[in-house]
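Reading through the structure tokens given below for one structure.
Bear in mind these aren't lab numbers, they're just calculated from the coordinates by the rules spelled out. These numbers come from a predicted model, not from an experiment. Positions of Cβ are backbone-derived with ideal geometry, glycine not excepted, and every protein chain shown enters the neighbour counts.
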Amino acid sequence: MTVRLFLANGVVIAVRITNSITYGRLSVPRVYASVLLHMARGGDPQWRSLGELTSIGMTMVLCTVIGLGAGYWVDRWLGTSPWLMLAGLLLGIAAGFVNLFRSAKTAERRMDKSEHD
């Protein structure tokens, strides 16, 4: 009995058993599901762009909320209300924009690289 594993990107996509009684019932047809094509690396550029935009938006919000929360906590600890909360808010907003500019720069490099190829 021979067992053959068909791999794609390190993932088993098919198993084929030969020289057995159940050979005809367990063998996988030569045509594989189209799901694997959609899950391939690179993917659809539209979905990739949507994912990048979503992560940028979430990062902006999270940086702002974390900065605000940290400033509020330090204000309550030191009793300097509202100055450290405002400073934390501004730092959070600044961190969000730094991440936005980094993502824009990365996207710009990727577009330049794809235009040159």
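Considering only residues that are more than 25 Å from the chain's Cα centre (by Cα) and charged (D, E, K, R), look in segment 72-106 and name the one that is surrounded by the fewest Cβ atoms within 10 Å (Cβ to Cβ).
So, considering only residues that are more than 25 Å from the chain's Cα centre (by Cα) and charged (D, E, K, R), the one surrounded by the fewest Cβ atoms within 10 Å (Cβ to Cβ) is 76.
Anything in segment 44-89 that is farther than 23 Å from residue 102 by Cβ, of a type in the set (Ser, Thr, Tyr) and assigned to a helix (DSSP H, G or I)? List them, or say none.
Once the filter is applied, which keeps residues that are farther than 23 Å from residue 102 by Cβ, of a type in the set (Ser, Thr, Tyr) and assigned to a helix (DSSP H, G or I), segment 44-89 yields only 72.
Hey, does segment 107-117 have a residue that's more than 21 Å from residue 48 (Cα to Cα) and surrounded by 14 or more Cβ atoms within 10 Å (Cβ to Cβ)?
Taking segment 107-117 as the starting set, the residues that turn out to be more than 21 Å from residue 48 (Cα to Cα) are none.
No, that holds for no residue.
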